[in-house]
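The values are calculated or read from the model by the stated rules, or taken from the named source; none is laboratory data. Predicted model, so just to flag it, every value in this text is computed and none were measured. Please note: Cβ atoms are built from the backbone with ideal geometry, for glycine as well, and neighbour counts cover all protein chains shown. Heavy atoms of the whole protein, side chains included, go into the accessibility calculation; ligands, DNA and RNA do not. Shrake-Rupley method; radii C 1.70, N 1.55, O 1.52, S 1.80 Å.
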Amino acid sequence: MATDGVASIGECMLELSGQAGPNWRMGFAGDTFNTLWALHALSGERLATYVSAFGDDPFSQGQILFFAENGIDIGASPVIPGARPGLYAITLTGAERAFTYWRSDAAARRLASDPVALAKSLENQALVYFSGITLAILDAAARKTLLEEVAKARAAGSLVAFDPNYRPRLWPSREEAQAAILDALAVTDIALPTFPDEQMLFGDSAPQATAERFGQLVGEVVVKNGEEPALIATGGTLQPVPAQHVATPVDTTGAGDSFNGGYLAARLAGHAPADAVQRAHRVAAAVVQVRGALAPFEVLRIAFDS
(Lines give C-alpha, C1' and ligand atoms only; values in the text may rest on other atoms or scores of the structure.)
Protein backbone atom coordinates (compact mmCIF):
# COMPACT_ATOMS: atom_id res chain seq x y z
CA MET A 1 0.00 0.00 0.00
CA ALA A 2 1.48 3.37 -1.04
CA THR A 3 2.23 5.99 1.61
CA ASP A 4 2.16 9.76 1.30
CA GLY A 5 5.70 10.08 -0.07
CA VAL A 6 6.64 11.49 -3.48
CA ALA A 7 9.67 10.34 -5.46
CA SER A 8 11.24 11.87 -8.54
CA ILE A 9 13.84 10.05 -10.65
CA GLY A 10 16.56 11.63 -12.73
CA GLU A 11 19.60 13.88 -12.81
CA CYS A 12 20.20 16.97 -10.70
CA MET A 13 23.15 18.98 -12.03
CA LEU A 14 25.27 21.88 -10.93
CA GLU A 15 23.67 24.99 -12.43
CA LEU A 16 25.63 28.12 -13.35
CA SER A 17 23.31 31.10 -13.80
CA GLY A 18 23.07 34.83 -13.23
CA GLN A 19 26.26 35.69 -15.10
CA ALA A 20 27.64 39.12 -14.16
CA GLY A 21 30.86 39.67 -16.08
CA PRO A 22 33.18 36.78 -15.27
CA ASN A 23 31.17 35.74 -12.20
CA TRP A 24 28.39 33.15 -12.02
CA ARG A 25 26.00 31.97 -9.34
CA MET A 26 26.12 28.21 -8.72
CA GLY A 27 23.06 26.25 -7.72
CA PHE A 28 21.52 22.82 -8.27
CA ALA A 29 18.82 22.00 -10.82
CA GLY A 30 17.60 19.51 -13.40
CA ASP A 31 14.18 18.84 -14.89
CA THR A 32 12.92 16.17 -12.49
CA PHE A 33 14.52 17.87 -9.50
CA ASN A 34 12.86 21.17 -10.44
CA THR A 35 9.51 19.38 -10.46
CA LEU A 36 10.19 17.71 -7.11
CA TRP A 37 11.23 21.08 -5.64
CA ALA A 38 7.83 22.58 -6.50
CA LEU A 39 5.95 19.42 -5.56
CA HIS A 40 7.69 19.30 -2.19
CA ALA A 41 6.99 22.98 -1.52
CA LEU A 42 3.30 22.51 -2.28
CA SER A 43 2.64 19.11 -0.72
CA GLY A 44 2.73 19.86 2.99
CA GLU A 45 4.25 17.11 5.07
CA ARG A 46 4.81 14.55 2.31
CA LEU A 47 8.27 12.97 2.37
CA ALA A 48 10.14 13.94 -0.81
CA THR A 49 12.80 11.65 -2.27
CA TYR A 50 15.10 12.42 -5.19
CA VAL A 51 16.14 9.13 -6.78
CA SER A 52 19.42 9.29 -8.68
CA ALA A 53 23.08 8.34 -8.29
CA PHE A 54 25.70 10.64 -6.79
CA GLY A 55 29.45 11.01 -6.66
CA ASP A 56 31.62 11.37 -3.56
CA ASP A 57 33.32 14.63 -4.56
CA PRO A 58 32.75 17.93 -2.69
CA PHE A 59 30.17 19.11 -5.24
CA SER A 60 28.12 15.93 -4.83
CA GLN A 61 28.38 16.21 -1.06
CA GLY A 62 27.20 19.81 -1.30
CA GLN A 63 24.31 18.75 -3.49
CA ILE A 64 23.13 16.10 -1.02
CA LEU A 65 23.50 18.59 1.84
CA PHE A 66 21.43 21.15 -0.09
CA PHE A 67 18.69 18.55 -0.56
CA ALA A 68 18.69 17.71 3.15
CA GLU A 69 18.59 21.37 4.19
CA ASN A 70 15.43 21.72 2.12
CA GLY A 71 13.75 18.55 3.38
CA ILE A 72 14.54 16.32 0.40
CA ASP A 73 15.93 12.80 0.91
CA ILE A 74 17.89 10.65 -1.56
CA GLY A 75 16.43 7.30 -0.49
CA ALA A 76 18.72 4.40 -1.33
CA SER A 77 20.37 6.22 -4.24
CA PRO A 78 23.94 4.96 -4.65
CA VAL A 79 26.96 7.16 -3.87
CA ILE A 80 29.64 6.09 -6.34
CA PRO A 81 33.34 6.55 -5.47
CA GLY A 82 35.12 8.73 -8.02
CA ALA A 83 31.93 9.88 -9.75
CA ARG A 84 30.74 13.48 -10.00
CA PRO A 85 27.64 15.44 -11.02
CA GLY A 86 26.89 16.95 -14.42
CA LEU A 87 27.12 20.70 -14.99
CA TYR A 88 25.25 23.20 -17.14
CA ALA A 89 25.36 26.96 -17.67
CA ILE A 90 22.40 29.19 -18.54
CA THR A 91 22.92 32.13 -20.88
CA LEU A 92 20.05 34.55 -21.40
CA THR A 93 18.88 36.65 -24.34
CA GLY A 94 16.25 38.76 -22.64
CA ALA A 95 14.28 36.17 -20.66
CA GLU A 96 14.89 33.33 -23.12
CA ARG A 97 17.58 30.91 -22.12
CA ALA A 98 20.18 28.75 -23.80
CA PHE A 99 22.06 25.90 -22.13
CA THR A 100 25.61 24.58 -22.35
CA TYR A 101 26.12 21.12 -20.80
CA TRP A 102 28.97 19.04 -19.38
CA ARG A 103 27.26 15.80 -18.36
CA SER A 104 28.56 12.85 -20.41
CA ASP A 105 30.15 11.11 -17.40
CA ALA A 106 27.68 12.24 -14.71
CA ALA A 107 27.01 9.89 -11.80
CA ALA A 108 23.26 10.04 -12.50
CA ARG A 109 23.74 7.91 -15.60
CA ARG A 110 24.17 5.00 -13.16
CA LEU A 111 20.94 5.55 -11.24
CA ALA A 112 19.57 2.16 -12.37
CA SER A 113 22.84 0.24 -11.99
CA ASP A 114 21.64 -1.26 -8.69
CA PRO A 115 18.06 -2.53 -9.19
CA VAL A 116 17.70 -3.44 -5.50
CA ALA A 117 18.57 0.11 -4.39
CA LEU A 118 16.30 1.59 -7.03
CA ALA A 119 13.40 -0.60 -5.93
CA LYS A 120 13.97 0.38 -2.29
CA SER A 121 13.85 4.09 -3.20
CA LEU A 122 10.51 3.59 -4.97
CA GLU A 123 8.84 1.55 -2.22
CA ASN A 124 5.70 2.92 -0.58
CA GLN A 125 5.47 6.14 -2.59
CA ALA A 126 2.15 7.84 -3.31
CA LEU A 127 3.64 9.28 -6.51
CA VAL A 128 6.59 8.34 -8.70
CA TYR A 129 7.67 10.89 -11.32
CA PHE A 130 10.24 10.68 -14.12
CA SER A 131 10.90 12.17 -17.55
CA GLY A 132 12.23 11.58 -21.02
CA ILE A 133 15.51 13.09 -19.88
CA THR A 134 15.69 10.40 -17.18
CA LEU A 135 15.37 7.83 -19.95
CA ALA A 136 17.79 9.60 -22.28
CA ILE A 137 20.76 9.59 -19.88
CA LEU A 138 20.51 5.80 -19.44
CA ASP A 139 21.68 3.05 -21.76
CA ALA A 140 19.12 0.57 -23.08
CA ALA A 141 19.67 -2.00 -20.31
CA ALA A 142 19.40 0.59 -17.53
CA ARG A 143 16.30 2.07 -19.18
CA LYS A 144 14.68 -1.36 -19.13
CA THR A 145 15.57 -1.79 -15.44
CA LEU A 146 14.12 1.62 -14.60
CA LEU A 147 10.80 0.94 -16.33
CA GLU A 148 10.53 -2.48 -14.69
CA GLU A 149 10.97 -0.95 -11.24
CA VAL A 150 8.52 1.86 -11.98
CA ALA A 151 6.00 -0.73 -13.14
CA LYS A 152 6.46 -2.65 -9.87
CA ALA A 153 5.91 0.52 -7.85
CA ARG A 154 2.76 1.22 -9.84
CA ALA A 155 1.48 -2.31 -9.27
CA ALA A 156 2.08 -1.78 -5.54
CA GLY A 157 -0.15 1.31 -5.54
CA SER A 158 2.00 4.27 -6.59
CA LEU A 159 0.61 6.81 -9.05
CA VAL A 160 3.09 7.27 -11.91
CA ALA A 161 3.55 10.60 -13.71
CA PHE A 162 5.77 11.16 -16.74
CA ASP A 163 6.88 14.15 -18.82
CA PRO A 164 8.41 13.07 -22.17
CA ASN A 165 10.57 16.24 -22.17
CA TYR A 166 12.22 15.42 -25.51
CA ARG A 167 15.74 16.81 -25.94
CA PRO A 168 17.16 15.65 -29.31
CA ARG A 169 20.82 16.12 -28.37
CA LEU A 170 20.49 13.46 -25.63
CA TRP A 171 19.23 10.71 -27.96
CA PRO A 172 21.17 8.67 -30.56
CA SER A 173 18.14 8.85 -32.87
CA ARG A 174 14.58 10.13 -33.03
CA GLU A 175 13.35 6.54 -33.42
CA GLU A 176 15.05 5.42 -30.20
CA ALA A 177 13.46 8.31 -28.33
CA GLN A 178 10.03 7.47 -29.75
CA ALA A 179 10.31 3.82 -28.70
CA ALA A 180 11.55 4.62 -25.19
CA ILE A 181 8.83 7.19 -24.57
CA LEU A 182 6.11 4.83 -25.76
CA ASP A 183 7.49 2.19 -23.37
CA ALA A 184 7.33 4.73 -20.54
CA LEU A 185 3.74 5.66 -21.36
CA ALA A 186 2.76 2.01 -20.89
CA VAL A 187 3.48 2.38 -17.14
CA THR A 188 2.12 5.94 -16.77
CA ASP A 189 -1.06 7.25 -15.10
CA ILE A 190 -0.54 10.99 -15.70
CA ALA A 191 1.30 12.28 -18.79
CA LEU A 192 2.53 15.88 -18.99
CA PRO A 193 3.84 16.43 -22.54
CA THR A 194 4.77 19.77 -24.14
CA PHE A 195 3.33 20.39 -27.59
CA PRO A 196 6.46 21.77 -29.35
CA ASP A 197 8.43 18.73 -28.12
CA GLU A 198 5.77 16.34 -29.41
CA GLN A 199 5.54 18.19 -32.70
CA MET A 200 9.30 17.74 -33.10
CA LEU A 201 9.34 14.10 -32.01
CA PHE A 202 6.09 12.68 -33.41
CA GLY A 203 5.06 15.30 -35.97
CA ASP A 204 1.83 16.30 -34.20
CA SER A 205 0.02 19.03 -36.14
CA ALA A 206 -1.64 20.73 -33.14
CA PRO A 207 -2.00 20.34 -29.35
CA GLN A 208 -5.29 18.54 -29.95
CA ALA A 209 -3.44 15.87 -31.93
CA THR A 210 -0.98 15.42 -29.06
CA ALA A 211 -3.80 15.21 -26.51
CA GLU A 212 -5.74 12.68 -28.56
CA ARG A 213 -2.68 10.50 -29.24
CA PHE A 214 -1.66 10.46 -25.57
CA GLY A 215 -5.28 9.96 -24.50
CA GLN A 216 -5.29 6.60 -26.26
CA LEU A 217 -2.40 5.46 -24.06
CA VAL A 218 -2.78 7.24 -20.69
CA GLY A 219 -5.86 8.01 -18.60
CA GLU A 220 -4.92 11.60 -17.66
CA VAL A 221 -3.03 13.95 -19.97
CA VAL A 222 -2.13 17.63 -19.78
CA VAL A 223 -0.53 19.13 -22.91
CA LYS A 224 1.53 22.23 -22.10
CA ASN A 225 2.11 24.88 -24.75
CA GLY A 226 3.96 27.86 -23.28
CA GLU A 227 1.69 30.87 -22.93
CA GLU A 228 -1.03 29.17 -24.97
CA PRO A 229 -3.79 27.24 -23.12
CA ALA A 230 -2.92 23.86 -21.63
CA LEU A 231 -5.13 21.06 -22.90
CA ILE A 232 -6.51 18.40 -20.57
CA ALA A 233 -7.47 15.00 -21.99
CA THR A 234 -9.45 12.74 -19.64
CA GLY A 235 -12.25 10.29 -20.33
CA GLY A 236 -12.21 10.97 -24.07
CA THR A 237 -12.84 14.72 -23.67
CA LEU A 238 -10.55 17.72 -24.26
CA GLN A 239 -10.62 20.83 -22.05
CA PRO A 240 -8.43 23.91 -22.65
CA VAL A 241 -7.31 25.97 -19.66
CA PRO A 242 -5.80 29.42 -20.44
CA ALA A 243 -2.28 30.16 -19.25
CA GLN A 244 -1.36 33.13 -17.08
CA HIS A 245 0.41 35.84 -19.06
CA VAL A 246 3.57 37.40 -17.61
CA ALA A 247 4.34 40.75 -19.24
CA THR A 248 8.02 40.91 -18.31
CA PRO A 249 9.46 37.46 -17.54
CA VAL A 250 12.92 37.40 -15.99
CA ASP A 251 14.02 33.82 -16.75
CA THR A 252 11.91 31.02 -18.23
CA THR A 253 14.17 28.25 -16.90
CA GLY A 254 12.18 25.58 -15.06
CA ALA A 255 8.71 26.94 -15.92
CA GLY A 256 7.39 23.70 -17.39
CA ASP A 257 8.97 21.60 -14.64
CA SER A 258 7.36 23.79 -11.98
CA PHE A 259 4.03 23.56 -13.79
CA ASN A 260 4.31 19.79 -13.44
CA GLY A 261 5.06 20.10 -9.71
CA GLY A 262 2.09 22.41 -9.19
CA TYR A 263 -0.24 20.18 -11.14
CA LEU A 264 0.79 17.00 -9.35
CA ALA A 265 0.62 18.65 -5.93
CA ALA A 266 -2.92 19.83 -6.70
CA ARG A 267 -4.03 16.42 -7.94
CA LEU A 268 -2.56 14.70 -4.87
CA ALA A 269 -4.50 17.19 -2.73
CA GLY A 270 -7.74 16.17 -4.47
CA HIS A 271 -8.24 19.11 -6.84
CA ALA A 272 -9.94 18.41 -10.19
CA PRO A 273 -7.72 18.53 -13.29
CA ALA A 274 -8.95 21.96 -14.46
CA ASP A 275 -8.34 23.53 -11.04
CA ALA A 276 -4.96 21.78 -10.86
CA VAL A 277 -3.96 23.26 -14.24
CA GLN A 278 -4.97 26.76 -13.11
CA ARG A 279 -2.82 26.40 -10.00
CA ALA A 280 0.03 25.01 -12.09
CA HIS A 281 -0.16 27.97 -14.49
CA ARG A 282 0.13 30.36 -11.54
CA VAL A 283 3.14 28.47 -10.20
CA ALA A 284 4.86 28.57 -13.61
CA ALA A 285 4.11 32.29 -13.92
CA ALA A 286 5.77 32.88 -10.55
CA VAL A 287 8.86 30.88 -11.52
CA VAL A 288 9.56 32.89 -14.69
CA GLN A 289 9.77 36.01 -12.52
CA VAL A 290 12.86 34.77 -10.64
CA ARG A 291 16.33 33.82 -11.88
CA GLY A 292 17.30 30.17 -12.09
CA ALA A 293 15.10 27.10 -12.03
CA LEU A 294 14.18 27.04 -8.32
CA ALA A 295 11.88 29.68 -6.87
CA PRO A 296 11.70 30.10 -3.09
CA PHE A 297 9.14 27.80 -1.48
CA GLU A 298 7.06 30.70 -0.20
CA VAL A 299 6.83 32.21 -3.71
CA LEU A 300 5.52 28.89 -5.02
CA ARG A 301 3.02 28.52 -2.18
CA ILE A 302 1.59 32.01 -2.60
CA ALA A 303 1.13 31.43 -6.35
CA PHE A 304 -0.45 28.01 -5.80
CA ASP A 305 -2.97 29.29 -3.26
CA SER A 306 -3.78 32.67 -4.78
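Quick notes on this structure:
- Model label zone, residue 269; criterion: amide N under 20 Å from point 7 Å along Cα-to-beta-carbon; scope the stretch 282-306: 282-289, 294-306
- Taking only Cα atoms of the stretch 214-256, radius of gyration then Dmax in Å: 12.8, 38
- Simple label model, 7 Å out from Cα along Cβ direction - residue 99 to residue 69, nm: 2.4 nm
- Percent carbon-and-sulfur accessible area, the stretch 80-160, ignoring ligands, DNA and RNA, probe 1.4 Å: 54 percent
- Residue of 75, 254, 262 that the Gaussian network model of the chain assigns the largest fluctuation, springs spanning Cα pairs under 10 Å: 75
- Heavy-atom accessible surface of the chain, averaged per residue, reaches 41 Å², computed with a 1.4 Å probe.
- A P(r) calculated from all alpha carbon pairs of the stretch 198-282, with 5 Å bins opening at zero, reads 3, 15, 24, 25, 20, 10, 3, 0 percent.
- Ranked by solvent-accessible area (1.4 Å probe, protein heavy atoms only, all chains present), the residues 245, 40, 271 order from largest to smallest as 245, 271, 40.
- For the stretch 49-109, a Kirkwood radius taken over Cα pairs fed into Stokes-Einstein (25 °C, viscosity 0.890 mPa s) yields D = 193 µm²/s.
- FRET efficiency for the residue 227 to residue 20 pair, using the beta carbon distance and R₀ = 41 Å, is estimated at 0.90.
- Volume of the Cα convex hull of the stretch 1-43, divided per residue and given in Å³: 67 Å³
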